[in-house]
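The values are calculated or read from the model by the stated rules, or taken from the named source; none is laboratory data. Because the structure is a prediction, the values reported are computed rather than measured. Glycine also receives a Cβ, built like all others from the backbone with ideal geometry; neighbour counts cover every protein chain displayed. These accessible areas exclude ligands, DNA and RNA; they are computed on the full protein's heavy atoms, side chains included. Shrake-Rupley method; radii C 1.70, N 1.55, O 1.52, S 1.80 Å.
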Amino acid sequence: MLDVTLVVLCAGNSARFEKMCKKQWLRVGNEPLWLNVTKRLSSYSKFSKTIVVSHKDELNYMKNFSDCYTFVEGGDTRQNSIKNALKKVDTKYVMISDVARACINKEIVLNLLENKDKASCIVPVLDVSDTVIFEENTINRDKVKLIQTPQLSNTQVLNKALDTPRDFTDESSAIKAISETIFYIKGSLESKKITFGDEIEQIPCLKKPSNNFFTGTGFDIHAFEENKEMFLGGIKLPYEYGFKAHSDGDVLIHSVIDALLGAIGGGDIGEFFPDTDEKYKNIDSKILLENIVNFIYNVGYEIVNIDLTIIAQKPKINPFKIEIKSSMAKLLKLEKQFINVKATTAEKLGFIGRAEGVAVQSIATLKYYDWTQK
Ligand SMILES: Nc1ccn([C@@H]2O[C@H](COP(=O)(O)OP(=O)(O)OP(=O)(O)O)[C@@H](O)[C@H]2O)c(=O)n1
Ligand SMILES: C[C@](O)(CO)[C@H](O)COP(=O)(O)O
């Protein structure tokens, strides 16, 4: 076992990527990119431990995918994500790589490891073959290097180098700033970082997402409550009661949220919005659904269609079905043809039949965001 910890940085926001899905959640077959890259990098040598740094909103979801790695919550910058990871590093050396550099080859990792005692930070670099200008003045391109990852650092030195208010864009810059040594090895064009959306085509090792479909079911019930407005599918219904709930009680939206989370293996609405949390007291459930829809797109899915059935003796639903369908289509960012709203009574049977409350069951079908399509 090496005295080296592997850290894969997967906690970014993909702001410059400008796609529906975040870079780390692009699918390679059935694997999110972060898992595909982490499996590949960790297979290259016997690292003491592998740490995956995850965006705070995706940490619990990411943990669903593997028990083989230590998951750490990222920070608001790459450097702070590294600092969070270093709290879990107890080895002399740490190798840190950007998940956005998806196609790191084994030779580079082995070369870094072979040279780990040559300096405080071992860095793969590329020479420049283009003419280079700096502030509109041509400079000597032979003195220019493009820095890549993974970078292999002495853990103690890196901790010291990052104990600063300065924000560096990589480890070697921080280590150099405290006058510690750097050793450069030959990098690779294959180690190109995915930053902008159109760069995906330049990444050689990715295969297209699987064509699988994913379904999830949702079911929710809410009792009627006096002195409360009734919301169903984001629409206010003119009824004498509302729904008894911590939130606004929109039982239809809650049912659909559970169907969406079910389809991605993301648990249930209570895990995302605990009914013990004051910030969700009387919350507009449309906000909850918008949050979940954004999450689903961020982690690499698209919604194909939703079908739902409202089970209610009262109020009469038919007069509002079209409005509910339009409301839900807008919230789900779906064409109306892909959201179906059904309604039925309970034939006066049971609590629904006694008009004590309403139930809604939903089913959602999702697929992966296909980044190979323009
Ligand atoms: N707070 C952050 C920011 C970035 N990263 C990771 O650092 C690597 C390089 O960052 P970058 O390519 O800039 O990714 P993003 O920050 O997602 O991109 P952007 O700056 O466009 O938002 C990525 O693998 C990213 O996931 C991280 O772990 N934590
Ligand atoms: C660390 C890095 O990949 C080295 O080139 C680069 O600095 C990351 O920059 P980003 O803006 O955080 O992608």
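Just a few scattered comments:
- Identity of the residue in the range 1-15, more than 15 Å from the chain's Cα centre (by Cα) and surrounded by fewer than 20 Cβ atoms within 10 Å (Cβ to Cβ), that ends up farthest from ligand 2 (Cβ to nearest atom): Met1
- Scanning the range 320-356 for residues that are under 13 Å from Gly233 (Cβ atoms) and either over 30 Å from the mean Cα position of the chain (by Cα) or assigned by TED's automatic domain parsing to the domain that holds Asn30 (or both) returns Phe320, Lys321, Ile322, Glu323, Lys342, Ala343.
- Residues satisfying the stated conditions in the range 7-55, i.e. of a type in the set (D, E, K, R) and either modelled with pLDDT of 95 or more or near ligand 1 (Cβ under 7 Å from one of its atoms) (or both): Arg16, Lys22, Lys23, Arg27, Glu31, Lys39, Arg40, Lys46, Lys49
- All positions within the range 348-369 that are in a helix (DSSP H, G or I), of a type in the set (Gly, Ala, Ser) and under 11 Å from Lys314 (Cβ atoms): Gly353
- Note on the range 1-76: no enclosed strands (runs of 3 or more DSSP E) hold 2 or more residues that are of a type in the set (D, E, K, R).
- Glu201 of a type in the set (Asp, Glu), farther than 25 Å from Ile264 by Cα, away from ligand 2 (no atom under 16 Å from the Cβ) and modelled with pLDDT of 95 or more: no
- Across the range 96-119, the number of residues qualifying as within 14 Å of ligand 1 (Cβ to nearest atom) and crowded, with 20+ Cβ neighbours inside 10 Å comes to 8.
- Ile108 being within 20 Å of Val37 (Cα to Cα), modelled with pLDDT of 95 or more, more than 13 Å from ligand 2 (Cβ to nearest atom) and in a helix (DSSP H, G or I): yes
- Any hit, the range 56-77, residues being within 12 Å of ligand 1 (Cβ to nearest atom), basic (Lys, Arg) and either in contact with a strand residue (DSSP E or B) (Cβ under 8 Å, 6 or more places away or on another chain) or in the same structural domain as Glu271 (by TED's automatic domain parsing) (or both): yes
- Annotation for the range 88-100: no member residue is under 20 Å from His55 (Cα atoms), more than 14 Å from ligand 2 (Cβ to nearest atom) and free of Cβ contacts under 8 Å to residues at least 24 places away in the same chain.
- Some residue of the range 281-301 being open to solvent by less than 20 Å² (accessible area, probe 1.4 Å) and more than 25 Å from Lys19 (Cα to Cα): yes
- Looking only at residues in the range 120-166 that are within 13 Å of ligand 2 (Cβ to nearest atom) and of a type outside the set (A, V, I, L, M), the one that is surrounded by the fewest Cβ atoms within 10 Å (Cβ to Cβ) is Lys145.
- Failed condition for Ala245, given (1) away from ligand 1 (no atom under 16 Å from the Cβ); (2) modelled with pLDDT of 95 or more; (3) of a type in the set (A, V, I, L, M, F, W, C): (2)
- Pick from the range 78-92, criterion over 12 Å from Leu158 (Cβ atoms) and open to solvent by 20 Å² or more (accessible area, probe 1.4 Å), ranking: farthest from ligand 1 (Cβ to nearest atom): Asp90
- Scanning the range 39-47 for residues that are within 16 Å of ligand 2 (Cβ to nearest atom) and closer than 20 Å to Ile108 by Cβ turns up at least one hit.
Here is a yes/no grid of residues against (1) open to solvent by 80 Å² or more (accessible area, probe 1.4 Å); (2) at pLDDT 95 or above; (3) over 19 Å from Ser285 (Cα atoms):
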{"position": "Glu323", "(1), (2), (3)": "yes, yes, no"}
{"position": "Ser327", "(1), (2), (3)": "no, yes, no"}
{"position": "Lys342", "(1), (2), (3)": "no, yes, yes"}
{"position": "Thr345", "(1), (2), (3)": "no, yes, yes"}
{"position": "Leu349", "(1), (2), (3)": "yes, yes, yes"}
